[in-house]
1. Once you sort the root eigenvalues of the Cα gyration tensor of region 69-147 as a ≥ b ≥ c, which label holds: rounded (a/c under 1.5), prolate (a/b larger than b/c) or oblate (the other case)?
2. Find out how many positive minus negative residues lie around K267, taking Lys and Arg as positive, Asp and Glu as negative, among other residues whose Cβ is under 12 Å from that of K267.
3. Which net charge results for the neighbourhood of G374, defined as the other residues with beta-carbon distances under 12 angstrom from its beta-carbon, given Lys and Arg at +1 and Asp and Glu at -1?
4. What translational D, rounded to a whole number of µm²/s, comes out for the chain from Stokes-Einstein when the hydrodynamic radius is the Kirkwood one over Cα pairs, at 37 °C and 0.692 mPa s?
5. Fully extended, how many nm does the chain gain between Q396 and L115 (0.36 nm per residue separation, minus their Cα-Cα distance)?
6. Please report the base-10 log of the normalised intensity I(q)/I(0) for region 123-233, using a Debye sum with one equal scatterer per alpha carbon and no solvent, at each q in 0.09, 0.16, 0.17, 0.23 (1/Å).
7. Taking a ≥ b ≥ c as the square roots of the Cα gyration tensor eigenvalues, with a/c under 1.5 meaning rounded and otherwise prolate when a/b beats b/c, else oblate, which class fits region 232-342?
8. Among 371-382, 155-166, how do they line up from the highest to the lowest mean number of other beta-carbon atoms within 10 Å?
Amino acid sequence: MANVITYGTFDFFHEGHRNILRRAKEIAGKDGRLFVGVTSENYDRERGKLNVCQDLQTRMRQVQDSGFADEVFVEEYEGQKIEDMRRYSIDKFVIGDDWAGKYDYLGEWCEVVYLPRTKGVSSTGIRNDSTRLLHGGIVGSGRIAGRFVVESRFVSGVVFDAVFNPRKSSADNFAANHGLKGSFDDFDKMLGEVDLVYVATPHVNHAEYVRCALKAGKHVLCEKPLTLSAQEAKELYALAEKNGVVLQEALKTAFAPGFKHLVNLAKGGLIGQIRQVRATFTKLMTDKTLREFDKAQGGGAVSELLSYVLCPTIKLLGRQIDPRKVDFNLIKDEECEVETFASGMIKYDGATALLTVGLTAKDEGCLSIAGTKGYIWVPSPWWKTEYFEIRNDMGQPTRRFFFLFAGDGLRYELAEFVKRISMGVDNKTWSSEDSIESLRIIEFIR
Ligand code: CTP
């Protein structure tokens, strides 16, 4: 008789999982107990497992339904295993031999047993079968496109192997620099070769490429702002739905694990009723020849950056903003044809959003959310949410939250996009309604 513990993600519960739980239960014996830790979504993301498909509840239920586990609990953080050993008075730690050696350090607390892994089956294999590798093409070959290709290599189930630019030499250079097989100056030709596209052209061209790709039945991930007109965005989302494909606005902050957690906590009432969202995103750009300063290319602080600060506004205070309650001051540097700084407020019933964006003047880039029971403070750069605090300054200790925001963070929006395509997962993270509302406000302010 022994108390035995084991851990896993248990995504798409399969024969290998059943076998290891059965053998672990045999080791526990008739009177022993088997404890099974199932990794939380957040912990999986932190350890780089971005492709887990089933939610935590489903994975825990499957382990429970196997009939071998006496207790199923959540594994939430690195280092939890040692705590669990003590909490459950564990005699033996059991894990598949794909982890051989990795958990020897637990030998200080209990016996460590590596069991042979069942051959020929894995969650990764099941995911890849059910998802067939998707082929993607990049539209545009500028700065963000390059960063995106690098990030895409961290997401499974998709490979970007083509690029389009109307200037063939630019497409060729990009393809050569990033090791892509296909380089196109004919958009329709590239569409014929791919399942999906990532649109990273100047804003003014987004709608045209997105419409063309959707008409061809391709899924589209498009840089923000999706369009400069909310009506056009509405039409594009409707077209995507009609053609049974996914259209997603690539607003990286919305998909960042830390930001998603912050939204859940705030919406869950942890700081009471939200009275104010204050968000700032400013840069000091000196090269005025860049697209950001070009009116013809849809430049300006509002089209470049307002999507970011509208993200916490819309997620926390809601949609249906009354344009009469939007008041912004747009400021231009003398030599510029677009606004280079913008700040203002959006009044809701019972709450206010105070938002600042800028391309040529700098302010502290923090996000602060005021509530009736305390406030959430996210230091700069809050749009890459790695850390935030919940404070109330009323004697209760500050709660601190840490998250991973790996690389450029574009992998998170892509991982969710791929999941939506492959698994039909619903997009509540940054829905078409959220996106349209944000674009409506951007259009109004511009
Ligand atoms: N396991 C096993 N035999 C398999 C697959 C998994 O014995 N064919 C064991 C693992 O060694 C681990 C437990 O099942 O002890 C949970 O593994 P998990 O990582 O959830 O499953 P995998 O199929 O390995 O998942 P992935 O492909 O995502 O790595």
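Just so you know, all these numbers are worked out from the coordinates, no wet-lab data involved. Predicted, not measured: the structure shown is a model, and the values here were computed from it. Positions of Cβ are generated from backbone atoms using ideal geometry, with glycine treated the same way; all protein chains shown enter the neighbour counts.
1. Values: a/c = 2.92, a/b = 2.06, b/c = 1.42.
Here region 69-147 falls in the prolate category.
2. Result for the neighbourhood of K267: +3.
3. Around G374, the surrounding residues sum to +2.
4. 137 µm²/s
5. Details: separation 281, 0.36 × 281 = 101.16 nm, distance 4.64 nm.
The span from Q396 to L115 would gain 96.5 nm if fully extended.
6. -0.23, -0.70, -0.78, -1.28
7. oblate
8. Packing order, densest peptide first, comes out as 155-166, 371-382.
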